[in-house]
1. Assign unit charges at the C-beta atoms only (+1 for Lys and Arg, -1 for Asp and Glu), then state the dipole size of the chain relative to its Cα centre in Debye, rounded to the nearest 20.
2. Please calculate how many Å² of accessible area the range 7-164 carries per residue, with a 1.4 Å probe and no DNA, RNA or ligand atoms counted.
3. How big is the chain along each principal axis, measuring the range of its Cα positions in Å and listing the largest first?
4. Treating only the Cβ of Lys, Arg, Asp and Glu as charged (+1, +1, -1, -1), what charge dipole size does the range 176-384 show about its Cα centre? Round to the nearest 20 debye.
5. If you take the charge dipole of the range 7-164 about its Cα centre, with +1 on Lys and Arg Cβ and -1 on Asp and Glu Cβ, which of F146, A109, H12 is farthest toward its positive end?
6. What does the charge dipole of the range 7-164 about its Cα centre add up to, to the nearest 20 debye, if the Cβ of each Lys and Arg holds +1 and the Cβ of each Asp and Glu holds -1?
7. So how do 177-189, 115-127 stack up, highest first, on mean other-Cβ count within 10 Å?
8. Give me the compactness ratio for the range 7-164, meaning the Cα radius of gyration over 2.2 N^0.38 Å.
Amino acid sequence: MVAPVRFLVHYHEIGLKGKNRRHFEQLLAQRLRDALGPETVVRLLHGRLLVEPPERMAAEVQDRLARVFGVAYYARVRSTPVDFDEIAEAALELMAGYPGSFRVRAKRANKKLPFTSPEAEREIGARIVAASSRPVHLKGADVEVFVEFYQDEAWVYTSAQRNPGPGGLPVGSSGKVVVLISGGIDSPVAAWRMAKRGARPVYIHFHSYPHTSLDSLRKTVEELEVLARWHGPSRLYVVPLAGVQEKIFANCPERYRTLLYRRFMYRIAQRAAEREGAGALVTGDALGQVASQTLENLHAVEQAVRMTVLRPLIGMDKTEVIAEAQRIGTYETSIQPQQDCCSFLEPKHPATKSTPEQLERAESALNVPAMVEEAWKQAELRRIKLRN
Ligand code: ATP
Ligand code: MG
């Protein structure tokens, strides 16, 4: 009989206590089920999870586990009876392609076993030495052999089978956020970082059609399809901003134009957040990257809303953001050419240091609530599916 395919999934336990921990574990189990599909069994055990896919899905499941937030690391394991000879034999097979020194690390979830973990390590280690004459190094071993005892089984794997997960927290454990996504490089990375910390992102995109093309929307949808591979399906509000921009163009001082577009984006995003029950807005701003991203302007823009505005990229260099976008998989799409909706009628000399009072004055000729309402009425909701 072929042994069933099994992956052992570990999460970081720091700060997880009592009721919190159960909630976290159950949510992680659910996210694993969402990501791995109905044919894969996910079992919540003592402090870890066991994932059992059908044989033919082994490689795919291995690949997908690397993208489930909350997974600290995972390993394909061999299951043996609680028998030192059989455990050593399994370990030797798993170590075969990986030469050099080794050490054994044992953990017991079953505390009724008639040996301690150090005893198990010595017994198994001695058998591996006898069979292979490989040296034991307790510090800096080339290969680590992990043995986890659970009920009447031992799960065996080595550092060669152990892969890092993305870390973080299961999506949904930190509530919901509305991410302002432009189709550019930064905002998908900002969304990914929030999802990694357990926030469920709902997206909003603004376009200036017919003044600009709909390329930005097409790029945004493509980026969200990539992000779905990390956080699952999502919802995207698509909002035409041209009407708002025309009124700002006609009625407000040129130097504040970009900042006023932003204030309207935030206000409309706040409407989406109210509808969705989201706790914060998220942008891809990085300090000092462009004129609209100075401390003064970030502050003056966000006074337009009552909500927390989170900017997870605020302290990052562009090169760092690009490297992260490449790892996530959104980079290639994000660099395709597009006409930014804010480049539409961009001021020649944008204000680099504005105050909330200046922006309020600049908006005084506008009927702000009516404009927000009008744009929000035209919002279109799209569902982004997970395509594997
Ligand atoms: P990005 O690469 O995300 O476009 P950027 O460096 O080009 O960022 P800006 O264009 O100034 O910076 O935009 C700053 C942030 O404002 C974006 O990261 C995004 O969160 C939001 N934003 C800008 N344009 C739009 C848009 N058309 N739709 C939704 N959000 C937008
Ligand atoms: Mg941009």
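1. So the dipole magnitude of the chain works out to roughly 780 debye.
2. Working: 8010 Å² over 158 residues.
Accessible surface, normalised per residue, equals 51 Å².
3. 85, 38, 37
4. So the dipole magnitude of the range 176-384 works out to roughly 500 debye.
5. Result: H12.
6. Computed about the Cα centre, the dipole is about 800 debye.
7. 177-189, 115-127
8. Values: Rg = 16.2 Å, N = 158, 2.2 N^0.38 = 15.1 Å.
Against the compact-globule rule of thumb, the ratio is 1.07.
The values are calculated or read from the model by the stated rules, or taken from the named source; none is laboratory data. All values reported here derive from a predicted model rather than from experimental measurement. Counting neighbours? That spans all protein chains shown, and the Cβs are built from the backbone with ideal geometry, glycine included. The accessibility values were calculated without ligands, DNA or RNA, using every heavy atom of the protein model including side chains. Shrake-Rupley method; radii C 1.70, N 1.55, O 1.52, S 1.80 Å.
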